[in-house]
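The values are calculated or read from the model by the stated rules, or taken from the named source; none is laboratory data. Since we're looking at a predicted model, the values are computed, not measured. Ideal geometry is used to build each Cβ from the backbone, glycine not excepted, and the neighbour counts take in all protein chains shown.
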Amino acid sequence: MPQILTTCIYCGCGCGLYLNVVKNNIIGSFPSSESEVSQGSLCVKGWHAHDFINHPDRLKTPLIRSSNGEFRQADWPEAINLITSKLTQLQDENGKDSIAFFSSAKCTNEENFLMMKLARQVFKTNNIDHCARLCHASTVLGLSATFGSAAMTNSISEFENAECILITGSNTTEQHPLIGSRIIKAVKNNNAHLIIVDPRELRLSKFATLHLKQKPGTDVAWLNGIMHIIISNNWHDKEFINKRCEGFDELKSIVAKYTPEYVESITGIRQDDLVNAANIYSKSKSAMIVYSMGITQHTTGVDNVKSCANLAMLTGNIGKLYSGVNPLRGQNNVQGACDMGALPNVYSGYQKVTDPDIKNKFETKWNINNLPSDAGLSVTAAINMAYSNNLKGLYIMGENPMVSDPNINHVKQALNKLEFLVVQDIFMSETAELADVVLPACSFAEKEGTFTNTERRILKIRKAIEPLHNSIEDWKILCKIAKSLGYNWDYDSPSEIMDEIVELTPIYSGVNYNRLENDSIQWPCTDINHPGTKFLHKDKFSKGKGSFQPVDYKLPDEIPDNEYDLILTTGRLYWHFHTRTMTSRSHILERESPHCFVEINYNDAKLRNIKDGQDVKVCTKRGEITLKAKVTDKILEGILFIPFHFVEAAANILTNDALDPQAEIPEYKTCAAKILTLT
Ligand code: SF4
């Protein structure tokens with residue numbers, strides 16, 4: 001039985017797995033012991049990574065919406081011709097920036113590069129973005145401002161040897177299970193100190209030295225509080241600060257007022273716990289900060305990220321083994337989609353579209369002289385522009401904003417106002433149901449390419465079976481569109497696309513498919529003999545000196561009032577992934593977690609006469625959903641938690657679409673809500 005080595009399609013860990021193939025059917029997945037990341041293990045999603053591939057719901061042929069509103073089957077030439085003629089017509093009538101492209105953190109690097117190239121070279125717009133806008137846009141800005149590079153600073157293997165691990169805004173065992181296992185090993189085998197700062201009890205809590213439970217939306221306050229304690233006690237690393245950083249005096253002056261008493265009044269964190277956390281973190285020889293969307297998805301997301309970076313620099317816990325700042329990327333290739341320039345302001349390798357030399361480099365390679373030079377629209381701005389009738393056409397590859405975006409009712413109205421919507425996917429997603437043209441793409445098992453995992457590791461994926469039904473690999477679909485508009489996109493394989501990426505992208509300079517065949521490489525990898533980079537900022541920061549970026553605490557956009565008297569926060573479950581498009585098609589994963597629920601503290605439930613398992617309604621200013629109550633002591637009083645995967649009770653009907661002013665990331669993680677019993 002053929003066994004094909006590839007990379008898991010789900011989270012950003014990038015575990016290696018084999019697919020068992022029988023007659024163009026995948027009948028099983030099992031772990032690869034050679035994988036640097038997973039070392040012979042997989043989480044439950046990895047063991048079931050193949051379940052959805054042969055599912056009967058797969059899109060089988062292109063679909064075009066008829067005048068009666070129903071979809072009809074079409075062949076590929078008709079669908080491609082309709083897309084190119086309609087998008088160019090919209091641009092002729094309304095200008096180049098009247099259309100936008102959403103790329104995909106589920107697709108390969110090569111496909112994201114081509115989507116970026118399609119928007120810029122072929123359609124002459126920088127309106128290209130993807131779902132990193134919704135998860136780590138604040139990381140990109142916050143870490144670029146402080147360190148000069150926005151990626152995870154360390155490697156997954158380093159977690160096991162860190163003396164202290166501070167986790168905030170990441171339910172690591174649920175979201176990044178294999179990293180969660182490494183952290184448990186660090187505690188069990190190496191007596192690492194684990195500090196958790198999170199409003200909910202997590203599986204990792206029982207391994208923690210300290211669990212500080214903060215009110216959602218108060219992260220800058222407790223981070224400033226820890227820094228205040230460190231500076232007041234002279235526990236900061238003066239040599240590191242003097243030699244490698246700038247802006248310390250400004251930081252000292254901003255954090256001066258964040259005394260433990262003041263921080264407790266904002267966050268609810270007990271003063272002695274905060275002092276203990278500051279003591280342990282600053283006195284450990286090596287300390288890692290781990291964060292995810294609990295830090296980034298706020299109107300103060302960039303401030304939160306900057307505060308994490310400030311803390312690491314203050315104690316010299318950056319630029320060395322087992323010490324750093326580690327934003328865990330959620331999807332299999334969200335790091336790669338960012339690296340490939342599927343962002344409105346940069347080409348691949350974070351090279352600015354506003355830099356004339358960079359623009360000239362891409363124009364020369366692409367044999368044109370009119371690339372757009374202003375930054376384009378983000379995902380969130382594009383939706384708002386569609387809502388205000390200022391965006392006419394949208395091409396979405398492998399994303400599902402009708403479940404993933406905040407304030408879904410607003411998103412639906414915006415998408416319905418578009419004159420033309422194309423969705424390229426493997427299933428009829430909730431977003432595809434609104435499209436004018438739906439294109440059937442291939443799953444990860446039906447194509448070659450690379451993903452870049454959360455630790456900057458470029459990993460091969462390999463074709464295990466031929467494309468199913470009448471589907472086509474995403475990169476080939478994009479080539480068809482470019483070619484039909486007269487562009488010479490004659491790539492024979494993803495390897496040729498990677499060669500072009502390498503030529504244009506300094507951080508990928510030493511990569512090629514021959515090297516990747518036998519090994520994975522962590523960028524930056526600057527030439528063919530470069531081994532790749534285990535941890536960043538060794539002797540100097542990417543931007544030269546590390547820059548303290550002190551920030552003051554600001555209130556979230558929405559706080560509880562008399563009517564909406566609770567705080568709602570959202571997150572993921574171990575058994576499911578994002579909008580459940582794939583995991584709901586796995587019998588095992590769906591069986592373990594088939595329904596949505598809302599977690600509510602015992603005391604809040606008692607006050608409202610809510611029983612465990614009872615149907616309740618949760619409402620915010622944007623809408624309401626009905627779901628089952630889960631009464632628990634694992635969440636603080638005053639807070640509700642809802643997993644965001646379930647379309648039947650979509651948490652994002654409720655979430656707030658207020659944006660961080662710099663990163664344009666929505667405030668998913670805190671809004672005002674009320675809970676009602678059904679009468
Ligand atoms: Fe896949 Fe992530 Fe699980 Fe690894 S930890 S098997 S990458 S879902």
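I'm checking my understanding of the structure. Among residues of region 3-22 that are near the ligand (Cβ under 8 Å from one of its atoms) and not aliphatic (A, V, I, L, M), which one is farthest from Ser292 (Cα to Cα)? Break it down into steps so the answer makes sense when it comes.
Restricting attention to region 3-22, the residues satisfying the condition of being near the ligand (Cβ under 8 Å from one of its atoms) are 7-15, 17.
Applying the additional criterion that residues be not aliphatic (A, V, I, L, M) yields 7-8, 10-15.
On the way: Thr7: 22, Cys8: 20, Tyr10: 16, Cys11: 12, Gly12: 11, Cys13: 13, Gly14: 16, Cys15: 19 Å.
The qualifying residue farthest from Ser292 (Cα to Cα) is Thr7.
Here's the yes/no breakdown for (1) in contact with a helix residue (DSSP H, G or I) (Cβ under 8 Å, 6 or more places away or on another chain); (2) closer than 25 Å to Thr299 by Cβ; (3) crowded, with 22+ Cβ neighbours inside 10 Å:
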residue	(1), (2), (3)
Asp557	no, yes, no
Arg591	no, no, no
Leu607	no, no, no
Ala629	yes, no, yes
Lys634	no, no, no
Glu648	no, no, no
Asn652	yes, yes, yes
Thr655	no, yes, yes
Gln662	yes, yes, no
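Say we look at region 519-543 and pick out the residues that are closer than 16 Å to Leu459 by Cβ and β-branched (Val, Ile, Thr); which of these is surrounded by the most Cβ atoms within 10 Å (Cβ to Cβ)?
Ile521
Give the residue that is surrounded by the fewest Cβ atoms within 10 Å (Cβ to Cβ), with candidates limited to residues of region 187-211 that are assigned to a helix (DSSP H, G or I) and free of Cβ contacts under 8 Å to residues at least 12 places away in the same chain.
If we filter region 187-211 for residues that are assigned to a helix (DSSP H, G or I), which is where we start, we get 187-190, 203-207.
Right, trim to free of Cβ contacts under 8 Å to residues at least 12 places away in the same chain and you get 205-206.
Values: Ser205: 15, Lys206: 11.
That would be Lys206.
Could you run through region 259-309 and say how many residues are among the acidic types (Asp, Glu) and more than 20 Å from Cys164 (Cα to Cα)?
Taking region 259-309 as the starting set, the residues that turn out to be among the acidic types (Asp, Glu) are 261, 264, 272-273, 303.
From what's left, more than 20 Å from Cys164 (Cα to Cα): 261, 264, 303.
Residues meeting the conditions: 3.
Quick check on region 491-518: of everything there that is among the acidic types (Asp, Glu) and at pLDDT 95 or above, which residue is surrounded by the most Cβ atoms within 10 Å (Cβ to Cβ)? Don't jump to the end; show me each part of the working.
If we filter region 491-518 for residues that are among the acidic types (Asp, Glu), which is where we start, we get 492, 496, 499-500, 503, 517.
Those still in the list that are at pLDDT 95 or above too: 492, 496, 499-500, 503.
Details: Asp492: 7, Glu496: 13, Asp499: 14, Glu500: 17, Glu503: 11.
Restricting to residues being among the acidic types (Asp, Glu) and at pLDDT 95 or above, the top hit is Glu500.
Hey, among the residues in region 23-37 that are more than 20 Å from Gly336 (Cβ to Cβ) and touching a residue at least 40 places away in the same chain (Cβ under 8 Å), which one's farthest from the ligand (Cβ to nearest atom)?
Ranking the qualifying residues of region 23-37, first place goes to Asn24.
So Met385 ticks every box in (1) among the aliphatic types (A, V, I, L, M); (2) modelled with pLDDT of 95 or more; (3) crowded, with 23+ Cβ neighbours inside 10 Å but one. Which box is left unticked?
With respect to (1) among the aliphatic types (A, V, I, L, M); (2) modelled with pLDDT of 95 or more; (3) crowded, with 23+ Cβ neighbours inside 10 Å, Met385 is out only on (3).
Could you identify the single residue in Gly544, Gly510 that is in contact (Cβ under 8 Å) with a residue 60 or more places away in the chain and under 21 Å from Ala151 (Cα atoms)?
Details: Gly510 fails: in contact (Cβ under 8 Å) with a residue 60 or more places away in the chain.
Result of the check over Gly544, Gly510: Gly544.
Could you tell me whether any residue of region 327-350 is farther than 26 Å from Ile179 by Cα and without any contact (Cβ under 8 Å) to a residue 60 or more places away in the chain?
Yes, region 327-350 contains a residue that is farther than 26 Å from Ile179 by Cα and without any contact (Cβ under 8 Å) to a residue 60 or more places away in the chain.
What about Thr354, is it at pLDDT 95 or above, assigned to a loop (DSSP other than H, G, I, E, B) and among the hydroxyl-bearing types (Ser, Thr, Tyr)?
Values: at pLDDT 95 or above: yes; assigned to a loop (DSSP other than H, G, I, E, B): yes; among the hydroxyl-bearing types (Ser, Thr, Tyr): yes.
Criteria met by Thr354.
Which one of these is surrounded by fewer than 24 Cβ atoms within 10 Å (Cβ to Cβ) and assigned to a loop (DSSP other than H, G, I, E, B): Ser157, Ser149? Quick ask: steps written out before the conclusion?
On the way: Ser157 fails: assigned to a loop (DSSP other than H, G, I, E, B).
None of the other options fit; the residue is Ser149.
Spot the failing condition for Asp75; the list is (1) in contact with a strand residue (DSSP E or B) (Cβ under 8 Å, 6 or more places away or on another chain); (2) at pLDDT 95 or above; (3) away from the ligand (no atom under 16 Å from the Cβ), and only one is missed.
All conditions are met except number (1).
Report the residue count in region 448-462 for those that are in a loop (DSSP other than H, G, I, E, B) and surrounded by fewer than 24 Cβ atoms within 10 Å (Cβ to Cβ).
Narrowing region 448-462 to residues in a loop (DSSP other than H, G, I, E, B): 448, 453-456, 462.
Among the residues that remain, those that are also surrounded by fewer than 24 Cβ atoms within 10 Å (Cβ to Cβ) are: 448, 462.
Counting residues in region 448-462 that are in a loop (DSSP other than H, G, I, E, B) and surrounded by fewer than 24 Cβ atoms within 10 Å (Cβ to Cβ) gives 2.
Residue-by-condition table, conditions (1) within 16 Å of the ligand (Cβ to nearest atom); (2) basic (Lys, Arg); (3) in a loop (DSSP other than H, G, I, E, B); (4) free of Cβ contacts under 8 Å to residues at least 40 places away in the same chain:
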residue: Gln549; (1), (2), (3), (4): no, no, yes, no
residue: Asp552; (1), (2), (3), (4): no, no, yes, no
residue: Leu555; (1), (2), (3), (4): no, no, yes, no
residue: Asn562; (1), (2), (3), (4): no, no, yes, yes
residue: Leu568; (1), (2), (3), (4): no, no, no, no
residue: Leu589; (1), (2), (3), (4): yes, no, no, no
residue: His595; (1), (2), (3), (4): no, no, yes, no
residue: Glu648; (1), (2), (3), (4): no, no, no, no
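Does Ile625 qualify as being of a type outside the set (Asp, Glu), in contact with a helix residue (DSSP H, G or I) (Cβ under 6 Å, 6 or more places away or on another chain), surrounded by 14 or more Cβ atoms within 10 Å (Cβ to Cβ) and closer than 20 Å to Asn407 by Cα?
On the way: of a type outside the set (Asp, Glu): yes; in contact with a helix residue (DSSP H, G or I) (Cβ under 6 Å, 6 or more places away or on another chain): yes; surrounded by 14 or more Cβ atoms within 10 Å (Cβ to Cβ): yes; closer than 20 Å to Asn407 by Cα: yes.
Taking the combined requirement at face value, the residue satisfies it.
Right, Ser253: touching a residue at least 40 places away in the same chain (Cβ under 8 Å), within 16 Å of the ligand (Cβ to nearest atom) and out of contact with any Lys or Arg (no Cβ under 9 Å at 6 or more places or on another chain) or not?
On the way: touching a residue at least 40 places away in the same chain (Cβ under 8 Å): yes; within 16 Å of the ligand (Cβ to nearest atom): no; out of contact with any Lys or Arg (no Cβ under 9 Å at 6 or more places or on another chain): yes.
No, not satisfied.
Among the residues of region 397-437, how many are more than 13 Å from Ala386 (Cβ to Cβ), part of a strand (DSSP E or B) and either over 23 Å from the mean Cα position of the chain (by Cα) or of a type in the set (Asp, Glu) (or both)?
Here the count works out to 2.
Okay, residues lined up against (1) at pLDDT 95 or above; (2) more than 16 Å from the ligand (Cβ to nearest atom):
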site: Gly148; (1), (2): no, yes
site: Glu158; (1), (2): yes, yes
site: Cys164; (1), (2): yes, yes
site: Ala186; (1), (2): yes, yes
site: Ile195; (1), (2): yes, yes
site: Arg203; (1), (2): no, no
site: His211; (1), (2): yes, yes
site: Lys215; (1), (2): no, yes
site: Met227; (1), (2): yes, yes
